[in-house]
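In what follows, a structure is listed as structure tokens, so that the remarks can point back to it.
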Amino acid sequence: MAHITAIYGSPRRQGNTTRLLKQAVAGARDGGATVHEIVLRDLKISPCLEIYGCTRDGNCVIQDDFQLVREKLLASQGIMLASPIFFYTVSAHTKIFMDRCQSMWVKKYWIDGLSFGQWVPTRKGLFISAGATHGKKLFDGALLTIRYFFDVIDTSLWKALLYRGLDFEKDVLDKPAYLQEAYQAGQAMARALTDEHDEKDLPGDTTFRAKKG
Ligand SMILES: Cc1cc2nc3c(=O)[nH]c(=O)nc-3n(C[C@H](O)[C@H](O)[C@H](O)COP(=O)(O)O)c2cc1C
């Protein structure tokens, strides 16, 4: 069974990105995945203090709720991350969490010595975002941040659902097509992860593969 970690990065409990991610989670569960939900605003996560205690073994030395999120991430094949656009990038809750993953960057590139760009994605990532305005570049900053963040956790950006013109808390409720799209993305992710998992379980016998379709 596919395991997905869904991370809510908005300070609002019932805001636009939260409602969209809840739909994606429902879709993923209906698609057969196990989903663990994490609401960043409910956790105590310090910003990265740049002390590089992680250079010892790749583990962050600050003992707080980040450790739990890291554990869940590493045990997942799928990551769903939702954040509103705040000043053309992700929310502070989301960014603080991402910065703590610098410990995983240290492990990957300094301790294990991987070359940049030479990694194989082992996870699929879904990014959901919303902003109030309509500008062409509204999501450019966040997408750059997300790509580099996903790189650190060996995750490919499988899909991004980006919605303009959502401002007040319930705005997305007037957009059933967006909510439906999020549900379908969750379901598709669960199915893609399950198919991948089944493929890995198969022996190298092509007739067996063909039979499975
Ligand atoms: C601190 C802050 C900064 C924001 N910056 C932007 C911005 O740069 N561009 C934009 O279009 N909307 C901006 N917004 C509006 C939010 O992106 C928008 O209300 C979004 O729908 C909130 O999503 P949420 O309900 O999931 O939190 C900002 C809102 C706040 C509170």
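Within the straight-line cut-off of under 18 Å between alpha carbons, the aspartates and glutamates reachable from Lys159 are Asp140, Asp151, Glu181, Asp195, Glu196, sequence neighbours fewer than 8 places apart in one chain being disregarded.
Taking 0.36 nm per residue of separation and subtracting the Cα-Cα distance, full extension of the segment from Asp30 to Gln14 would add 3.6 nm.
Close amide H partners of Val39, meaning residues 5 or more places away or on another chain with modelled amide H under 5 Å apart, are Tyr8. Listed values for the range 80-92 are Karplus-derived 3J(HN,Hα) couplings in whole Hz (6.51 cos²θ - 1.76 cosθ + 1.60, θ = phi - 60°), namely 10, 10, 10, 8, x, 7, 10, 6, 6, 9, 7, 5, 4, and x replaces Gly and Pro.
Karplus-derived 3J(HN,Hα) values for the range 148-160, using 6.51 cos²θ - 1.76 cosθ + 1.60 with θ = phi - 60°, are 6, 5, 4, 3, 4, 9, 6, 10, 8, 7, 6, 7, 10 Hz; glycine and proline are entered as x.
For Met98, Met189, the sequence from fewest to most other C-beta atoms within 10 Å is Met98, Met189. The amide H of Ala33, built 1.01 Å from its N in the peptide plane, has no neighbour under 5 Å, considering only residues 5 or more places off or on other chains.
By the gyration tensor of its Cα atoms, with a ≥ b ≥ c the square roots of the eigenvalues, what is the shape of the range 3-212: rounded for a/c under 1.5, prolate for a/b over b/c, or oblate? Oblate shape, in that a/c is at least 1.5 and b/c is the bigger or equal ratio.
If you take the Cα centroid of the range 88-120 and the Cα centroid of the range 9-44, the two points sit 22 Å apart.
Neighbour counting of Cβ atoms within 10 Å sorts the residues Thr94, Thr145, fewest neighbours leading, into Thr145, Thr94. Entry note, the chain: relative contact order of 30 percent, from Cα contacts under 8 Å with a spacing of 6+ residues. Near Tyr88, no amide H atom lies under 5 Å from its own; only residues 5 or more places off or on other chains count, and H is placed 1.01 Å from N.
Between Asn59, Gly32, Gly135, the Cα set farthest toward the positive side of the dipole of the chain (charges on each charged residue's Cβ, about the Cα centre) is that of Gly135.
Given a cut-off of 20 Å, name the pairs among Lys137/Lys175; Lys72/Lys175; Lys44/Lys95 whose C-alpha atoms lie farther apart than that in the structure shown.
Pairs exceeding the cut-off: Lys137/Lys175; Lys72/Lys175.
Phi-derived couplings, Karplus 6.51 cos²θ - 1.76 cosθ + 1.60 at θ = phi - 60°, listed residue by residue for the range 27-36: x, 5, 5, 5, x, x, 8, 9, 10, 9 Hz, with x used for Gly and Pro.
FYI, it's all coordinate maths here, none of it is from the lab. Quick caveat, the model's predicted, so the values are computed rather than measured. Because the Cβ atoms are built from the backbone with ideal geometry, glycine has one as well, and the counts that use them run over all protein chains shown.
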